[in-house]
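Trainee: Quick one: the structure is below, questions incoming.
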Amino acid sequence: MKGFIKDMVLAILVAIVIIQFIKPVIVRESSMENSFNSKDYLIVSKQSYSYGEVKRGDVVVFESTLVDDNGNDKLLIKRVIGMPGERVQVSDGKVYIDGVEIQEDYIKDGTTNGDVDLVVPDDEYFCMGDNRLVSIDSRDPQVGCVQAHQMVGKVVLRVLPIGDFGLIHTPDYNI
C-alpha cells in the first residue's frame with residue numbers, strides 16, 4: 001500500500017509540473033496550413049516568454065474573444081508577424097513591415113488578402129495564419145492585435161502525425 005501511495009504522489013507531482021510548463025494542443029482548423037494541418041498534435045511551451053522574448057515568426061497559441069461551438073473562448077494558433085511599434089501594411093497580396101516587404105515562403109497560397117495599415121500598439125502583436133485566404137486573425141477586428149497577456153505560449157514541438165514529429169523552428173526574416 002505504501003508503494004501505491006508513493007507512486008500516486010509522484011504521479012500527481014509530475015502532472016503538476018507538466019501542467020505548469022506545457023500545454024498540449026490539437027489543431028482543429030485549416031488556418032495554419034500548410035505548416036500545420038487539422039488533427040496535428042502540438043506541444044506549447046507556456047514558459048517560453050517568461051525567459052525569452054516574442055520573435056517575429058514564432059507560432060503562438062493565444063486566447064481570443066471568439067467563441068467555439070460549445071460557448072467557450074476559442075484558442076487560436078497563429079504566426080507573429082508584427083511587433084510592438086511596427087507599422088504593418090497588407091496590400092496587393094503582400095505584407096510590409098515598416099515599408100519593407102517580408103518574404104514568407106511558408107504561406108499556403110503565396111498571397112495575403114486584405115487591406116491593412118496600422119501601427120502595432122505597445123505590448124501587442126500582429127498575428128496571422130499561414131493559410132491567409134481563410135484565416136481569421138489580426139486582420140479581422142474580432143481578433144485584432146494580440147496582447148501579451150493573451151498568449152498561452154509558443155508552439156515548440158509537433159508530436160503527431162508521427163511522420164512530422166519534430167521541433168518547430170522560427171523562420172529568419174531580413175528586415
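The values are calculated or read from the model by the stated rules, or taken from the named source; none is laboratory data. Owing to the predicted nature of the structure, the values given are computational and were not obtained by experimental measurement. Here the Cβ positions follow ideal geometry from the backbone for every residue, glycine too, while neighbour counts run over all protein chains shown. SASA here: full protein model, heavy atoms, side chains in, ligands and nucleic acids out. Shrake-Rupley method; radii C 1.70, N 1.55, O 1.52, S 1.80 Å.
Trainee: Only residues that are among the acidic types (D, E) and within 23 Å of E86 (Cβ to Cβ): list them for the stretch 52-75, please.
Mentor: The answer is E53, D58, E63.
Trainee: Next question. I'm checking my understanding of the structure. Among residues of the stretch 39-51 that are under 21 Å from F165 (Cβ atoms) and not hydroxyl-bearing (S, T, Y), which one is surrounded by the fewest Cβ atoms within 10 Å (Cβ to Cβ)?
Mentor: In this case the residue turns out to be K39.
Trainee: Sort out which residues of the stretch 16-36 are open to solvent by less than 60 Å² (accessible area, probe 1.4 Å) and either in a loop (DSSP other than H, G, I, E, B) or modelled with pLDDT of 90 or more (or both), and write them in order of number.
Mentor: Once the filter is applied, which keeps residues that are open to solvent by less than 60 Å² (accessible area, probe 1.4 Å) and either in a loop (DSSP other than H, G, I, E, B) or modelled with pLDDT of 90 or more (or both), the stretch 16-36 yields V27, S30, S31, M32, E33, S35, F36.
Trainee: Test each condition in (1) assigned to a helix (DSSP H, G or I); (2) closer than 26 Å to I162 by Cβ for K6 and report the one that comes out false.
Mentor: Looking at each condition in turn, K6 falls short on (2).
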